[in-house]
Each structure stands twice: as C-alpha cells, then as structure tokens.
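Scroll down for the structure; my scribbles are underneath it.
The values are calculated or read from the model by the stated rules, or taken from the named source; none is laboratory data. The structure presented is a predicted model; accordingly, all values stated were derived computationally and were not measured. Virtual Cβ from ideal backbone geometry, glycine too; neighbours counted across all protein chains shown.
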Amino acid sequence: MSKWKTDIGTSASESAIQAGKARQKRRIFLHNAFIALLCVIWIIPIVWLVCTSFSAYSGMNTSTFFPEKWSAIHYVKLLTPDTVNQFPTWFWNTFVIACWTCVISTLFVIMVAYAMSVTRFKSRKALMNAAVLMNLFPGMLSMIAVYFTLKTFGLTNSHIGLILVYSASAGLGYLVAKGFFDTVPRALCEAARIDGCNEAMIFWKIVMPTSKPIIVYTVISSFLVPWMDFVYAKMLLNAGVSANYTVAVGLYRMLEKSLINTYFTQFCCGGVLVSIPISILFMIMQKFYVQGVTSGAVKG
Amino acid sequence: MEAKTSGLSRLGSAVSGFFAVIARFFSEFGTAMAKGDLFVKLSLLWWGAGYFRRRQYVKAILMTLLEIAVIVFTLNFAMAYVPKFGTLGTVQAEQVFNMQTMQTEWNDYDNSFMILLFSLFSFVIWFAAAVVCMRNVVNVYELQMQAQRGKHINTFVEDLREYLDKKFHITLLSLPVLGIVVFTLIPMLLLILVAFTNYDQQHMPPTNLFGWVGFSNFVTLFGGGITTTFGYAFVRILGWTIIWSFFATLTTYIGGILMSLLLNSKLTRGTKIWRTMLVVTIAVPQFVSLLLMRNFFANSGIVNTICANIGLTGFLRDIGLISTSYIPFMTAPGWVHVMIILINIWIGIPYQMLIATGVLMNLPTDQIESAKIDGANPFQVFKSITMPYMLQVTGPALITDFVKNFNNFNVIYLLTQNVFVTTNQFMANSQAKETDLLVTWLFTLTQDYYNYKMASVIGIMVFIVCAVFTLVGFNFMISGDKEGTYQ
C-alpha cells in the first residue's frame, strides 16, 4: 500500500501516474507468469502420472509425453485381481491398518502431549529430555531389532505386527500437540479445579472440547502414516503372500524388472487411486498443519 | 517465556537435572529406610508389608502378587537365559539320533539371539522391579508419617481415584511409555549390544552361535581388520550423507521461504490455486511420486527421449560430458547425485513453503515498511529482516530437518534401488554404492546380506553424528540471544 502512496505523492502529472499504472500491470503479469511457470514445472510429473494411467499401452510410454491411444482399460484391469495385482485387497488391508494405527496413535499422542503440557510432576523434564535423545536414534536401526522381536512372537507378515510398529512408539511424536496444549489458557483449568473438577474431568470436559484442531490434525496425520509408509511395510510383509500386502508394497512389486512392462500403466492407475483420497485428507489437514507445525517449531 | 540458553548449557542442565532426579530418588529411599519402622524396612523384602500394617489390605495383596510375579518370572524365564549372557550360548545346534523315539531330532541347542534378547528383557524387568521396590518403601514410609500425624489414610477406592486426579499423568503416560520402551528403547539397547558381537551371515541363529567380540567391529569400520574396504566405504558414504543432508536441507529451506514470499506477495493473483497445485505434489505418497520420477528420468525414459529430440543429448556428447547415447540421469555417479538433490527440491519445497507461510504470517510488517521507506531493495529486506526472523523462529526445526535428511531413507531408496549399480569395486565389496546414505547402507546390509554386526555399528555412528550436529547446531543457532529483537 505504501508503495502506491509514495508513487502518487511523488508523481506530479497525470501521465506519470498512467505510466506507473502500466508498469505495475506489467509487473503483476510477469510476477504471475513466473509463478505459473514454477507451478507447471511442479505439476508436470503428476500430469504425466494421470495421463499415463489412461494409456491403452500397458508398458512404460517412452516416446511421447501424452499417450498415443487413450483408454481406461487399465483401471478395469487394476480392479480385477490377478496373480500379481490384488489392488482391492491391498487397499482394504491398508485401510484397516490405517484405522487401527489412527486410533492407537492418536490416543497415545494426545495422552503424552497432555501429560507433558498440562499436568506437572517431578520427572516431567527428565522424560522430555529422554524423548529428545531417543528421537536422534535412527528409527530404521531399532526397526531391525523390532523385526526380530516380532518374528520371535510370530507377528511378521501379519497386520497386527505392522499396526504395532506404526503406533506403539507414537508417543514420541508428541511435540506438535504439546505446542498446541501449551496455548490453552491455564485460567480455564484453574477455574474448573476450584469448581471441584478432578484432572480427568478437566481433560475430558475442558481441554478436549477446545482442542478440536489438534485432534483433527493428529487423527489425519496418523491415518496417513500407513498410506505413505513404504519401508516398514516392506520389511515386515515382504516375505508374506501378496494378499497380505499394503498398497505401497504391492505397487512397488509391480515395478520389478520382469513385471514393469506389463504393469507400469496399472501402477500409474494405482498411484492415482491412492493419491485421490490421500490428497483430499491432506488438503483438510493442511489447514491445521501450518498452525501445528509452526507452534511446535517455536517451542523448539 | 522460557529463557533460551545455549545448547551446551541446555545439555548441561538436562544432564544435571537427570542426576538431580536420581539423587533425590535415592535420598528419599535412604531416609525411608533409616527412619521407617519395622514394617517399612520389611517392605524391602515383602512388598506388601507396609500396606498390611496400615490396613490397606487390597494394596498389600496386589503388591505381594506383583512380587510373586517378578519372582516367578525370574525363576522360570530369566534364569533360562541370563546365566548364558556372558557367552551368548555354547551348545551348537546339531541333529542327533534319538534311540528312544528312533528319530533324528535337534539337540537342546542355544539360540544366541534369544539369549541376548531375553536377557536384555529380563534386565529391563529387573530394573523396573528395583525401582518399584524402592519407590514402594518411600510410599510406605509416607503412609507411616501420615499415620503418626494422625492424618486420614486413603482407602483403596480413594487411592484409585487419585489416578484420575493428582496422579492423572501416570494414567496418561503408562501405556504410551510402555509402547516406547518395548518398541524403541529395548530395540535400541539390543542393537547397541549387537554391535559388540559377531552376528552376521556366518553366525546366524538358530543353526549357528554368535558371541562377544569387543570393539573389533568398530575397528573394521575405521579401516582396520580383514575387510579393509569397509573403512573406505564408510568415509565415502559418510561424506555423501553429510553433503546430501546439507544441500537437501538448505535448498528446500531457502526455496520454501522464497516460494512462500512469492505466493504471498501482493502482486500474486489466485494464491490459493497456485498453492494447491504445489501441495498436490506432496499429497501424493512418496512411493508413487518417487518411483514415478525414477522412471521419468530412466535411461530409456520420457525425459531422455525429449532431450534426444531437442538435441540436448547430442550437444552434451559433443562437449564430452557424456559418452552414452542417452543421458545417464539415474545411473552414473555425479549425475545421480545432482538428480537426487533436484528431485528432493521438487518434493521438499512445497512442504517447507507451507511451514514458511505459517511463520511469515507473523512477520513484523512495520519493520519491512520502514526499511522500504529508507530505500532498502527487496533483496536487502530479505537478507536483513525476513531471513533473520525465519532463522530465529525455525532455527531448531532446521536442525531437526537436517537430522531427518541424514536419515532420509525414502528418497534415496526409492530413487536408486535396483536402478543405480555401482562400478566401484571397493564399494561393491562392502555392499555399498555411491548413492547410499548411512541408513540405506545399513538397510541393505541387514536385508540382503544379514550383516547385523556392521549395521549396528553404523547405526551407533549415525546416532553419534546426529547427536553432535544437533548439539553444535543448537549452540550455533541460539548463541546470540535475539529473543527481544523482533518484539
């Protein structure tokens, strides 16, 4: 705004204002054209994914960007299972795993975050420091030991094992939610305490109802974990039968050297089908995402 | 607001705080043992004694049952494994002919891994039992004090109600902490122990035993021992891991800020549409987008076709940059490194853009306005106001990002697995390739070569490097106290 004011203030004649306006218009155009260019670069691979999924050819199209013949046949193929492709089953598996993970992780994260933020007890700081230290240890490494432990109990190649892997340690990721709880006014809790509420009632009746954004954020983000994850699923399910796979492991298998020429287009179809629900959830989460992540970052 | 102190003194206070907690725990226990009555002292042996004396019979029974459970666990379970912890087993698995059943059977062999795992598990249980036992004495002593002062002693129901009130944090924390102990802490300790054994393909339980070897795996990693190539591969991979995390963090961080400034500029029309277009790229799961990218840039992929058509491939061959009929985007060292960082920019910038947008909403605009009036150009504003502000707010997150990139398994694995094959003999001997990060190397070692001992050593090194970077980073970031500058 100040730019405009100074422009008007300094320019004496009408024509100068006109010229300024024209220059401003050109700047706006160039600015937006530049952004458009960047966005096009960013979106190209996604466009390619969608276009290729509608190709009539089953292997990878290497000669032209857009497929030569369009067809939705591979979507039909993808939804009718064969020896390699069991997409509907994979989708259902991932959905079930995601639901369980979502429930357990959300509970754990909210519980830990609330305990660390609102309640006060002696070893609170010590526990928080221990969590920082444990987060530095590569998850991949402890995963190897977890794999053996699960194997001992016969939980590899099973969904229970995978759900446990995704959700058991979820409590360590409590920082974002804690950052949110830190902003809930303490006076509210004090008032409730004076009115005779115990801590559990404060948790349920006072803090939870005011924390809808962070609960939605935690629910969606933990629901997305099994959909996004590849490595843990591969580690645990790889040796099992195809019907047990999650979407990630199944689709990865389609790109093996011997399969890629028959299944590449189906892979693209699968990618599109998985991405649609996830993108929608992600867009909803995005609203809470910025708020959550930044408040966590500020708190350090 | 908590005062920000430097990283080292923060660590110092964390360590001293930790020891203070321990010291207080022991002094309370000492007081209780010294000043407690007979039943308090007896509680050390019979956990229910003190409660029994104060007529908290339910609690007394529960504690006694818990004690019995620990003893049963120790005798029936722990004793089968812990005594062998020193050797990790001596009886090799063999098939022997059983005269009675007239069948070949496996002998009663030792499984080194089980011994290691269950011994560790027992140690954790015993540690917890010791803490419970000592804590119990303190609690019982407090009961004694209450009784002496003539105060009301809680009934069992009142005690339970405490867990919804004053002890609510215990109710909240017990399950999540149990999850973390079983699925993070015990595995962590286990792998640290494995680093000191010779657990690898030649020593795979149950058919073979493995044992303690001291520091020899660490010696191997630093270039000693029989397989000298390990030292070479380690240095190469560590170097690339650091370069990768540095560039991956820096490019996406600065790119994200620039992108956010660009999108939120007053000149932009339709900010929401542009932002949605960018965010779609991160909403697509990485295993889809990255696997797509690697086929996009494959040797016979679409980008190569386009490059050949517009003559870029020919031009690059003419100036001697490539010697093949295609551009080896993902298959030649150098090319692949640059491509990985570029592709990471593609998926990283929208994410950082989201965060930067959130932070920049609170950017002190009056400072920028006055700077502009004073004649500062956009670059100067960016350098002197926007960046320092961003650094102050997101500095700690920057360090976390660095550590995350250090362990960024997905990007490297999905882009290079089965695509990039190393031609370097030294690397191949150590089952490594030029594009590997320490974590992907570790993953390959365990998944394909069962070399758990070296994987564990590498894991410990990753932990040390990450810890050092985090400490130094925090120290550097928050050294100057700039808290008040922007308020």
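State whether the residues of region B:355-366 include one that is of a type in the set (V, I, T), touching a residue at least 60 places away in the same chain (Cβ under 8 Å) and within 14 Å of another protein chain (Cβ to nearest Cβ).
There is at least one residue in region B:355-366 that is of a type in the set (V, I, T), touching a residue at least 60 places away in the same chain (Cβ under 8 Å) and within 14 Å of another protein chain (Cβ to nearest Cβ).
Do the conditions hold for A:T52, that is, is it farther than 30 Å from A:L188 by Cα and more than 14 Å from chain B (Cβ to nearest Cβ)?
The answer is no for A:T52.
Every residue in region B:449-463 that is assigned to a helix (DSSP H, G or I), more than 9 Å from chain A (Cβ to nearest Cβ) and farther than 15 Å from B:M427 by Cβ, please.
B:K453, B:V457, B:M461
Just need a number here: residues in region B:390-417 that are surrounded by fewer than 21 Cβ atoms within 10 Å (Cβ to Cβ) and closer than 21 Å to A:V249 by Cα.
3
Output the number of the condition that A:K125 fails; it satisfies all remaining conditions of (1) assigned to a helix (DSSP H, G or I); (2) more than 7 Å from every other protein chain (Cβ to nearest Cβ); (3) basic (K, R).
Of everything listed in (1) assigned to a helix (DSSP H, G or I); (2) more than 7 Å from every other protein chain (Cβ to nearest Cβ); (3) basic (K, R), A:K125 misses just condition (2).
Conditions tested, residue by residue: (1) crowded, with 18+ Cβ neighbours inside 10 Å; (2) assigned by TED's automatic domain parsing to the domain that holds B:N136.
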position	(1), (2)
B:S27	no, no
B:R53	yes, yes
B:G86	no, yes
B:N98	no, yes
B:F113	yes, yes
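Looking for something part of a loop (DSSP other than H, G, I, E, B) and buried (at least 22 other Cβ atoms within 10 Å of the Cβ) - is there at least one such residue anywhere in region A:193-206?
Scanning region A:193-206, I find no residue that is part of a loop (DSSP other than H, G, I, E, B) and buried (at least 22 other Cβ atoms within 10 Å of the Cβ), so the answer is no.
Check region B:209-225 and report whether any residue there is within 14 Å of chain A (Cβ to nearest Cβ), aromatic (F, W, Y), on the phi < 0 side of the Ramachandran plot and touching a strand residue (DSSP E or B) at 6+ places or on another chain (Cβ under 6 Å).
Yes, region B:209-225 contains a residue that is within 14 Å of chain A (Cβ to nearest Cβ), aromatic (F, W, Y), on the phi < 0 side of the Ramachandran plot and touching a strand residue (DSSP E or B) at 6+ places or on another chain (Cβ under 6 Å).
For (1) within 27 Å of B:L191 (Cβ to Cβ); (2) of a type in the set (A, V, I, L, M); (3) modelled with pLDDT of 85 or more; (4) in contact with a helix residue (DSSP H, G or I) (Cβ under 7 Å, 6 or more places away or on another chain), each residue gets a yes or a no:
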residue	(1), (2), (3), (4)
A:A126	yes, yes, no, yes
A:V132	yes, yes, no, no
A:H159	yes, no, yes, yes
A:V176	no, yes, no, yes
A:V184	no, yes, no, yes
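Can you tell me which of B:T252, B:T241 is among the β-branched types (V, I, T), surrounded by 22 or more Cβ atoms within 10 Å (Cβ to Cβ), assigned by TED's automatic domain parsing to the domain that holds B:V462 and within 21 Å of B:Y389 (Cβ to Cβ)?
Of the residues listed, the single one that is among the β-branched types (V, I, T), surrounded by 22 or more Cβ atoms within 10 Å (Cβ to Cβ), assigned by TED's automatic domain parsing to the domain that holds B:V462 and within 21 Å of B:Y389 (Cβ to Cβ) is B:T252.
For region B:332-353, what are the residues that are more than 10 Å from B:T252 (Cα to Cα), buried (at least 18 other Cβ atoms within 10 Å of the Cβ) and at pLDDT below 90?
B:A332
Consider B:N154 against the criteria (1) in a loop (DSSP other than H, G, I, E, B); (2) among the polar types (S, T, N, Q); (3) under 30 Å from B:N451 (Cα atoms): it satisfies all of them except one. Which criterion is unmet?
(3)
Tell me, which residue of region B:46-69 that is within 15 Å of B:V138 (Cβ to Cβ) and aromatic (F, W, Y) is nearest to the chain's Cα centre (by Cα)?
B:W47
Would you tally the residues in region B:291-307 being closer than 25 Å to B:Y351 by Cα and facing another protein chain (nearest Cβ under 8 Å)?
5
Counting just the residues of region B:406-448 that are touching a helix residue (DSSP H, G or I) at 6+ places or on another chain (Cβ under 8 Å) and acidic (D, E), which one comes out farthest from the other protein chains (Cβ to nearest Cβ)?
B:E434
Does region A:56-66 contain any residue that is surrounded by fewer than 17 Cβ atoms within 10 Å (Cβ to Cβ) and in a helix (DSSP H, G or I)?
No: zero hits.
Among the residues of region B:266-290 satisfying the criterion of being outside any helix (DSSP H, G or I) and more than 7 Å from every other protein chain (Cβ to nearest Cβ), which is surrounded by the fewest Cβ atoms within 10 Å (Cβ to Cβ)?
B:K266
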